[in-house]
Amino acid sequence: MDNFTDPARFTNRELSWLEFNSRVLAQAEDQSVPLLDRLKFCAIYASNLDEFFMVRVAGLKEQIAAEITRTPADGMSPFEQLDAVRQIVARQAHRLERAFVDRIRPELSRHNVMIADWSELTASDWEEARTHFEERIFPVLTPLAVDPGHPFPYISSLSLNLAVLVRDPETGLRHFARLKVPPALDRFFKLSSGVMLPVEQLIRAHLTDLFPGMDLVGAWPFRVTRNADLTLNDEDADDLLEAVELELRRRRFGRAIRLEVDHSMPSETLKLLVRELEIEDEDVFHFRGLVDYSDLFQVSGLNRPELKADSFPGVTPPQLRGMSGTGHIFDRLRQGDVILQHPYDSFNASVTEFVRQASVDPRVLAIKLTLYRTSGDSPIVESLIRAAERGKQVAVLVELKARFDEQANIEWARQLEQAGVHVVYGLLGLKIHTKVTLVVREEDDGLRRYCHVGTGNYNPRTARIYEDVGLLTASATVGDDITQLFNSLTGYGRKVDYDRLLVAPGQMRDQLTDLVRGEIAAQASAPDRPDRKGQIIMKMNSLVDSQLIDELYRASQAGVSVDLIVRGICCLRPGVPGLSENIRVRSIVGRYLEHSRIYYFANGQGLGEQSYHIGSADLMPRNLNRRVEAMVRVEGESSQARLQEILNVCLLDDTLAWVLSTDGSWTRMRGETVHTHDALEHQANARTEGTELLDLDPWMQRPTNLGGFVHPTELNPSGMHPPAT
């Protein structure tokens, strides 16, 4: 391989993402995962894929329509990518069906969780279902005929529909009608017997009520996916809020890009749908189980704790215990920084409480916060409103362009404005993706600033299932940096010098490059200074940026040890002779979604002092070039040790971990020594209870000297099994 000109040094982004979703699907196939959790992973896989088609596949189709032949860094044209996507998704669809139809559903039945077909119901079930249909469903159904006087109706994206074929007994002619399943209905109707029936089957069993005097030929579920990428030219928008609202209305009418149908749909009906929706035959996917597996979230949410993994409530960090009174959290933070890891550390007992106390503390003068995504009943937003009503200066940067959360953020922005909060609607040409909060407080010795910098959104709901880290600090340096950041976001300012923050766009790319090159320089001096060996550990969601990937390749060529913990997309190829022999890549997939970004450099720009950074940025062009991102350098021995513990556990995991091969395929570890989520729950409890922490020394040297790290593959080279097929 010609090291830095050959496109084969990169894996295609779209195919790498599909590999990630395959690892999610493998959780549904894993018999060691509790049953309802396996069902949940079916729904997660399907929901992930919906968004992938609405955005990424839609983008490929737009490129093809525009006759764009320019290939990305990996050398694949849009047409080649689309063809490969279709083939992979078709194979994964069969895996999803086998997991649900052949394994999960029968096993759930043995535990009295019945997802039944209409034909499997008893006579009493039929009678109950009939009553429910007449009273609750029939009045809200609207059949739409298709004939010369009735054009083919608009099919909204991701709606569940029935393609109905009826025959006129007098003329013998067949007629097509579309029936939309009202989205307000639960997908599964639970009968008093406990049986759960897909609502489309309940409707199909009573279609003669909707077409009186006609013979029912058949009815088959189908679902359409449309282009939903928000292509906002905000640089030309006079009013960003109005422009986003307009684009949301346009999104509803995006081009159809995928059609999912029941496998038994006859060819004449399928041809009609394909023609009217103007899609290609290759965009049709057939299912024999369900059409739309994302609705299985309803069933996975059943109150059957014995069929789920134990729920971990999160602990109050020891440094923050007993500080629920007004201002107490600020007293604690003056004693030292606090590193948080959610969901192991309770989000509500830490971040939410930090903002709540700031909202009611009479000494707090101002609160500033960036809001990318939050929950519908956000206590943080309530605290911000309360603070404004109490006369505090409150400024919130609401990112209106957070994909698929645009409408929710518009509503929050209006509520905040009505309460007197200063609301900034993002920036022209950029998305604000930072997760930072600044609190300004009047104290006896003057003004002091308190800050939170995190890797996750200010969303208490997702904080229970997303793994994220954060820093609570009273550092004057961090406070000054974040003040400068907010001033540049709400006002005007370009060339801002930060001390402990890395900010994108602008300095972050160059600073990360300098940190990688610092490890190369340190490695060059290693023969004379063995304590200065180069080492990089990065934990992130996605690694796509070609420039930084090439920097990591150069580091590997120089002998720097590089460990990457990448949950999702990874376009880097590890283990390529002469290019990436010193790079190892793994992914952790389990009951929590690994979402934190932690970047470790053993020598910190070659200065011989280890450097840890946490923040909002993945290593993707969009993060480094088109988003406002912030990462903070974490200082202090105890804070750094906490971050190193997280990295150590992830690198030692041989239970949830998948290892990336040179060819872009992923192989799952099959050991039973370290389970990341179990281990970190244990560590959280141990810190709270004052009991013994896990001893990682048998596998890894002390955090400040990781040169002797032994990889699990070396401990157990046969402890692997191939991914599910």
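Values quoted throughout were computed directly from the atomic coordinates according to the rules given, and no laboratory measurement underlies them. All values reported here derive from a predicted model rather than from experimental measurement. No Cβ is skipped: glycine too gets one built from the backbone with ideal geometry, and neighbour counts run over all protein chains shown.
Computed over the Cα atoms of the range 501-721, pair by distinct pair, the Kirkwood hydrodynamic radius stands at 17.7 angstrom. Computed from the C-beta positions of A686 and A309 and an R0 of 22 Å, the FRET efficiency is 0.65 to the nearest 0.05.
Among beta bridges identified by DSSP and lying wholly in the range 501-721, the antiparallel ones come to about 65 percent. Residues of the range 358-372 falling in the label zone of N487, defined by backbone nitrogen less than 19 Å from a point 7 Å along Cα to beta-carbon, are 365-370.
Once both axes come from the Cα atoms, what is the angle between helix 676-689 and the longest principal axis of the chain, in degrees from 0 to 90, rounded to 10? Helix 676-689 and the main axis of the chain meet at about 60 degrees. The simple Förster model, with R0 at 56 Å and r as the Cβ-Cβ distance, assigns E609 and S267 a FRET efficiency of 0.25. Projecting the Cα atoms of P318, I68, N112 onto the charge dipole of the chain (Cβ charges, centred on the Cα centre) puts P318 farthest toward the positive pole.
When only the Cβ of Lys, Arg, Asp and Glu is charged (+1, +1, -1, -1), the dipole of the range 501-721 relative to its Cα centre reaches about 660 debye. The fewest-to-most ranking of E120, E681, E278 by surrounding Cβ atoms within 10 Å reads E278, E120, E681.
Taking every C-alpha pair closer than 8 Å and separated by at least 6 residues, the mean separation divided by the residue count of the range 7-302 gives a relative contact order of 22 percent.
Using the crude model of +1 on Lys and Arg Cβ and -1 on Asp and Glu Cβ, and no other charge, please compute the dipole size for the range 318-490 relative to its Cα centre, in debye to 20. Don't jump to the answer; show the numbers that get you there.
On the way: 20 positive and 21 negative charges, 33 e Å.
The dipole magnitude comes to about 160 debye.
Descending by average beta-carbon neighbour count within 10 Å, the peptides 95-101, 11-17 line up as 11-17, 95-101, the highest first. Most simply put, the chain has about 70% antiparallel DSSP beta bridges, counting only bridges with both residues inside it.
The label point for A526 and the one for R255, both projected 7 Å from the Cα toward the Cβ, are 5.0 nm apart. Quick one: helix 13-29 against the long Cα principal axis of the chain, what's the angle to the nearest 10°, folded into 0 to 90? Its long axis makes an angle of about 70 degrees.
To make sure I understand, if each residue's beta carbon is the centre and we count other beta carbons within 10 Å, what order do S77, S561 fall in, fewest to most?
S77, S561
Charging the Cβ of each Asp and Glu at -1 and of each Lys and Arg at +1, and nothing else, the dipole of the chain about its Cα centre rounds to 400 debye.
Under the definition of Cα pairs under 8 Å and six or more residues apart, what whole-number percent is the relative contact order of the chain? Display every interim value, and only then the final one.
Numbers: 1362 pairs, mean separation 80.1, N = 725.
Rounded, it is 11 percent for the chain.
Summing -39500 (n - 2.57) over the DSSP H runs of n ≥ 4 in the chain and dividing by its residue number, what mean residue ellipticity at 222 nm do you reach, to the nearest 500 deg cm²/dmol? Show your work: numbers first, answer last.
Working: 21 runs with 235 residues, N = 725.
Value at 222 nm, helices only, nearest 500: -10000 deg cm²/dmol.
I need the calculated FRET efficiency for the pair R136 and R554, taking r as the beta carbon distance and R₀ as 45 Å, to the nearest 0.05. All intermediate terms of the calculation are to be shown ahead of the outcome.
On the way: r = 65 Å, r/R0 = 1.43.
Efficiency, from the Cβ-Cβ distance: 0.10.
For S193 and T673, the difference between the fully extended length at 0.36 nm per residue and the C-alpha to C-alpha distance is 168.5 nm.
Taking 0.36 nm per residue of separation and subtracting the current Cα-Cα distance, fully stretching the chain between R288 and R275 would add 2.4 nm.
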